[in-house]
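Working notes, structure below.
The values are calculated or read from the model by the stated rules, or taken from the named source; none is laboratory data. Since we're looking at a predicted model, the values are computed, not measured. A quick note on method: Cβ atoms are made from the backbone with ideal geometry, for glycine too, and the neighbour counts reach across all protein chains shown. Ligands, DNA and RNA are stripped out before the accessible areas are found, and what is left, the full protein with its side chains, is counted by its heavy atoms. Shrake-Rupley method; radii C 1.70, N 1.55, O 1.52, S 1.80 Å.
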Amino acid sequence: MLFSVTWLTSLLTGVLFVHIIQRLCFPYFWQDLLFLLKIIRYGAELEFYQKTSKVVTVLDRFVQQAQRIPHKPFLIYEGVTYTYRQIDERSNKVAHVFEQHGAVKRGDTVALLMNNEPDFISVWFGLNKLGCAVAFLNTNIKSKSLLHCFHCCGAKLLVVGADLLDSLEDILPNLQEDSISVWAMKQQVSYRGIHTLLDKVEQASHEPVSAQLRAATSLKTPTLYIFTSGTTGLPKAAVISHLQFLKAAAGFWAYGGTSRDVIYTPLPLYHSAASLIGIGGTLKMGATCVLKKKFSASQFWNDCRKYDVTIFQYIGELCRYLCNQPQAENEKDHKVRIGVGNGLRQDVWRDFHRRFGEIRMCELYGSTEGNLCFMNHIGKIGAVGRSNFFYKLLFKYDLVQYDMVKEEIVRNEQGFCQHVKKGEMGLLLSKIASQSPFFGYAGSKQLTENKILRNVFVKGDAYFNTGDLMVEDHEDFISFKDRVGDTFRWKGENVATTEVAEVLGLLDFIQEVNVYGVEVPGHEGRAGMAAVIVKPDCSFDGKKLFSITTAYLPSYARPLFIRIQETMEMTGTFKQQKFRLVKSGFNPSTITDPLYVLDYTEQSYVPLSDSVYERIVAGQQKL
């Protein structure tokens, strides 16, 4: 008996000792293990799909849910509820219209230009049911950029929302010259050669379309094209395969989402966050999505209370807008338990918790076209993800040395990249392999090749170059630090500096232009700024500049600040030097060059004074 008591005491002491050591040395062990097991389980399921003929896509999952829970609310939009069956039948109607009119066939690509609304999803799914890939067009892009999108994804048909048809007026002749058929979600139109879709959909049958049309033989088959700004200056069509869609659709589930959740999606559906993670995630779980046409900070919490929202999607700016709203007594009166998104600054994160309660903010990192994703499942403030020994075995990534002044990767004498030490900032590279493929971009093979870095650590290897500078600390938390190259992020959108420079170059008084992003206190991302050289015998014209930027650039891509220079500094490889310009910012008290700021009231770029600068820094002037 004494032996048994002694043995039990020793066992309990040992267990307690191991527990203490685990808490001290590996405090996140169990959280990491449970999360990783969940990811491995889902990965094994996807691998099974790839190894067998049983390919189950997100669209298949939607059809299954419509049969399993037909009367459950799938979408809530502007107070109207749409069930799984209703959206399924509506998408069937869309498919039948295009099938009966012979407008498309299996394997075609169709472009979709619509704002957030239920018919965005009905048209998307209806075309997918016919075996067509759908290209989501950013509703902010105009003229030349919009035409470019058709050329690179090969779309020969465009479906446009009723409220966006007039925005196509200037390029309709170009579309018709290129034999691109335009279908408007309207009952009738005044433009010649435009097909109406809404009237035909209402008359069409809602019976199911043959499942053979949508059947996928491989998870690597493209199902979507989502446009992203890149270093080429014009939007690039990132290829989204069924595999990528399935991975993204597991985001909410991985963070603990269930079929009981109500998801609030105020982000644009043409972005991967809202479409792949938001709609895809809703479908995977059989949950409900509250879809907003546009984000409204003043309506956000009222909507959350009205619809019993439990999960919301965000970008960092969205949370900042919410924190900037006047305080109210019922700010913590809601059922929201999780926020999923990216770009949340540490100060905003803390303020958000203080104002609205301990909502679990689930940061994630991943580009639309990338082959790597980080998820901050612990919830540590400031981190975009978390890694560990086992994660690195499954997902091969590395942080390598990058020279910010020369704007190039550092290589050793053998020509190979060099790892950074723990806690040091480095360029994130993700290995391209069978379990982490890179599908690239539609159109030009060169665009895809430009994102691939070869002979990184050994001859013959290949890595996806994210273009992002990251830090991995000693606890294996990963933080985003900066973006390199010719792209920066503002208002939740990627801005291609070369595209902006091309527009500014149209002005007759500008000789040379260098576009970059500068940090603005209290704002996420970087605001657009352009250093310009004015031609001899010409003068700077702020009104002309305002006119051309508002005509050709979306609001988020317009330079907010202009810096007039006499000479343009270049790198050793004759590239425009951005590093020192970025560092110097836009402070008129420290910069001797003339500075101008975008002024919508004056409809011009006006001199940037010290008082205006102080108002911007203090957050008193809207940007």
Between beta-carbons, use under 12 Å as the cut-off and find the net charge around residue 505, counting Lys and Arg +1, Asp and Glu -1.
-3
Just to be sure I understand the rule: take each whole DSSP H helix in the chain, project its Cα atoms onto its long axis, keep it if the span is 18 Å or more and its mean Kyte-Doolittle hydropathy is at least 0.0. Which ones pass?
2-25, 29-51
Please calculate the 1.4 Å probe accessible area of residue 610, with all protein chains present, and give it to the nearest 10 Å².
90
Accessible area per residue for region 136-220 in Å², computed with a 1.4 Å probe and the full protein assembly in place, what is it?
50
Express in nm, to one decimal, how much length is gained between residue 172 and residue 587 on full extension, taking 0.36 nm for each residue of separation and deducting their alpha carbon distance.
145.0 nm
About its Cα centre, region 348-428 carries a charge dipole, from +1 on Lys and Arg Cβ atoms and -1 on Asp and Glu Cβ atoms, whose size in debye to the nearest 20 is 480
Run the simple label-point estimate for residue 327 and residue 143 please: 7 Å along Cα→C-beta, distance reported in nm.
4.8
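Rank-order 503-514, 70-81 by packing density, defined as the average count of other C-beta atoms within 10 Å over each peptide's residues, highest first.
Packing order, densest peptide first, comes out as 503-514, 70-81.
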Under a Cβ-Cβ cut-off of 11 Å, what is the net charge of the residues other than residue 379 that fall near it, where Lys and Arg count +1 and Asp and Glu count -1?
+1
In region 99-229, carbon and sulfur make up what percent of the accessible area (probe 1.4 Å)?
46
Positive-end residue of 389, 399, 339, charge dipole of region 291-415 with Cβ unit charges
339
Explain nothing, just compute: Karplus ³J(HN,Hα) = 6.51 cos²θ - 1.76 cosθ + 1.60, θ = phi - 60°, for every residue of region 190-198 in order, whole Hz, x for Gly and Pro.
9, 7, 6, x, 9, 8, 9, 10, 4
With every protein chain kept in the model, how would you rank 331, 524 by accessible area, 1.4 Å probe, largest at the top?
524, 331
On the accessible surface of region 495-589, probed at 1.4 Å, how many percent belong to carbon and sulfur atoms?
51
Kindly report the accessible area of region 511-566 per residue (heavy atoms of protein chains, probe 1.4 Å, no ligands, DNA or RNA), in Å².
38
Sequence-distant residues sharing a close amide H with residue 482 (under 5 Å, placed H)
469
Nearest-10 value in Å² for the accessible area of residue 169, using the 1.4 Å probe
110
About its Cα centre, region 440-530 carries a charge dipole, from +1 on Lys and Arg Cβ atoms and -1 on Asp and Glu Cβ atoms, whose size in debye to the nearest 20 is 320
Solvent-accessible surface ranking, highest first, for 539, 479 at 1.4 angstrom
539, 479
In the chain, if the dipole is taken from +1 on Lys/Arg beta carbons and -1 on Asp/Glu beta carbons about the Cα centre, which of 97, 621, 148 is farthest to the positive end?
97
Give the distance, in whole Å, between the Cα centre of region 469-521 and the Cα centre of region 391-457.
19
Residue by residue, what Karplus-based ³J(HN,Hα) values in Hz, rounded to whole numbers, does region 207-212 have, using 6.51, -1.76 and 1.60 with θ = phi - 60° and x for Gly and Pro?
5, x, 8, 3, 5, 5
Between residue 203 and residue 302, what is 0.36 nm times their sequence separation minus the Cα-Cα distance? Round to one decimal in nm.
31.9 nm
Taking only the alpha-carbon positions of the chain as identical scatterers, the Debye log10 I(q)/I(0) at q = 0.07, 0.09, 0.11, 0.12 Å⁻¹ comes out as -0.48, -0.79, -1.19, -1.41
In the chain, if the dipole is taken from +1 on Lys/Arg beta carbons and -1 on Asp/Glu beta carbons about the Cα centre, which of 600, 29, 227 is farthest to the positive end?
29
Per-residue ellipticity at 222 nm attributable to helices in the chain (runs of n ≥ 4 DSSP H, -39500 (n - 2.57) apiece, nearest 500 deg cm²/dmol) works out to -9500 deg cm²/dmol
Students sometimes get this wrong: rank 145, 584 by accessible area, probe 1.4 Å, all chains present, largest first.
584, 145
Could the peptides 29-39, 272-282 be put in order, highest first, of the mean number of other beta-carbon atoms found within 10 Å of their residues?
272-282, 29-39
Rounded to whole Hz and in sequence order, give me ³J(HN,Hα) for region 435-450 from the Karplus expression 6.51 cos²θ - 1.76 cosθ + 1.60, θ = phi - 60°, writing x for Gly and Pro.
7, 9, x, 10, 8, x, 10, 7, x, 9, 5, 5, 4, 5, 5, 5
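How large is the charge dipole for the chain, taken about the Cα centre, if only the Cβ atoms of Lys, Arg (+1) and Asp, Glu (-1) carry charge, to the nearest 20 debye?
That gives a dipole near 1780 debye.
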Would you mind getting me the FRET efficiency between residue 210 and residue 618? Use the beta-carbon distance for r and R0 = 45 Å, nearest 0.05.
0.15
Accessible area per residue for region 308-426 in Å², computed with a 1.4 Å probe and the full protein assembly in place, what is it?
47
Counting only residues 5 or more places away or on other chains, whose amide H sits under 5 Å from the amide H of residue 108 once H atoms are built in the peptide plane?
133
